[in-house]
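The values are calculated or read from the model by the stated rules, or taken from the named source; none is laboratory data. Keep in mind it's a predicted model, so treat the numbers as computed, not measured. Using ideal geometry, Cβ is built from the backbone for each residue, glycine included, and neighbour counts are taken over all protein chains shown. Protein only, heavy atoms only, side chains kept; ligands, DNA and RNA dropped before computing areas. Shrake-Rupley method; radii C 1.70, N 1.55, O 1.52, S 1.80 Å.
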Amino acid sequence: TQSRSSAASDVYKRQVLIFIITTLSSVVACKNVPENKVETKAPFFKLSLAQWSFHRTFRSGEASPYEFSKMANELGFEGLEYVTALYPDVMNSEDKSTAIKNFVIKSNTLAAEHKMKNVLIMIDDEGNLSSSNEESRMSAIENHKLWIEAAQQMNCTSVRLNLYGEKDPEKWIANSIKSLSELSDYALDLNINVIVENHGRITSNVPLLMKAINGAQKSNCGTLPDFGNFCISEEGYGSVFDGSCDNVYDPYKGVAEMMPKAFGVSAKSYDFDDAGNETTLNFTKLLQIVKDAGYKGFVGVEYEGSRLSEKNGIIATKKLLETLGAKL
């Protein structure tokens, strides 16, 4: 009886000792957990950098546009959105076809070196696709085809084009549909999307823009909603941000109307308050619209302000998007 009692006492003592050790280990572990630790979630989108964000840097000669992939990588971006107008070696060349081929080789090499994804080519200054002058419109189409081929060779998903050349709404829609249809058919075999940005004047009148996009009736023809380009004033672009535009289309309504056909999103910014919020646009509301549309692709940072340096403006925009993207 004494032996059984002693054995039971030993078991009890061991159980108590194990309990004490376990409890102390838990307390120590809890003390090692940082206070106020918050689990961070990845945004519902990926981040790319619009090359236009560095347009002053490139145009001043401070840096070559071919440094774009290196600069974007250093700032923590995943994707690249090229702007044709920032490459004078291409745009001013008498042999545009050869110049574009050289651009493709250089850009692909640099993107691979810096482990970046080519996402989009923004085509500017290649003719008026909505012109009522048929010769002019067809010339613009041929110019754009060269860049569609380049996008395919760079494994981009899309090219962004402009729809200028006509002020009359009905003529503009008709001409735009013809050009979008032809270019979309050409791009389809190359697995490239043809997308249109709200880029000032008539193109920022979203109901008219969507008539052109939907009128083309092409699966690879869509939009690039830009958060800030909603000035539909005909006299110059004007700006939603500095109050210089006297005819502004509602940005939130416009983005919502463009999202069903969106193959990309451009998060344009201009300035920030002390809390890091954009001072003109409600980015939370805009990103919620993007999320509600089921979009999960690249969101491009496009800083266009002047108070902050281009680099700091890009960083501020990226931080805001990452913070809100995680919350949403």
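A few points about this structure:
- Prolate/oblate/rounded label for the stretch 209-301 (Cα gyration tensor, a/c 1.5): oblate
- Other-chain or far-sequence residues with amide H under 5 Å of residue 265's (modelled H): 300
- Split the chain at each of the chymotrypsin sites (Phe, Trp or Tyr not before Pro) in a DSSP loop with at most 16 other beta carbon atoms within 10 Å, and the longest piece is 45-236.
- Label-to-label distance, residue 186 versus residue 96, with points set 7 angstrom from Cα along the beta-carbon direction: 1.0 nm.
- Loop sites in the stretch 163-247: GluC sites (Glu not before Pro), DSSP, at most 15 other Cβ within 10 Å: 234, 235
- Three-way shape call for the chain based on the alpha-carbon gyration tensor, with the a/c threshold at 1.5: prolate
- 18 Å reach of a label modelled at residue 63, 7 Å along Cα-to-Cβ, counting backbone N of the stretch 306-328: 306-319
- Over 26 Å (Cα to Cα) - which of 285/319; 106/218; 167/211; 117/285; 167/261; 41/218 fall in this group: 106/218; 117/285; 41/218
- Accessible carbon and sulfur surface of the chain relative to its total accessible area, %, 1.4 Å: 50
- Accessible surface, per residue, of the chain when the full set of protein chains is kept, probe 1.4 Å, Å²: 50
- Neighbours of residue 44 by Cβ distance under 12 Å: Lys/Arg scored +1, Asp/Glu scored -1, total +3.
- Cα lying deepest toward the dipole's positive end in the chain, options 128, 109, 195, charges on Cβ: 109
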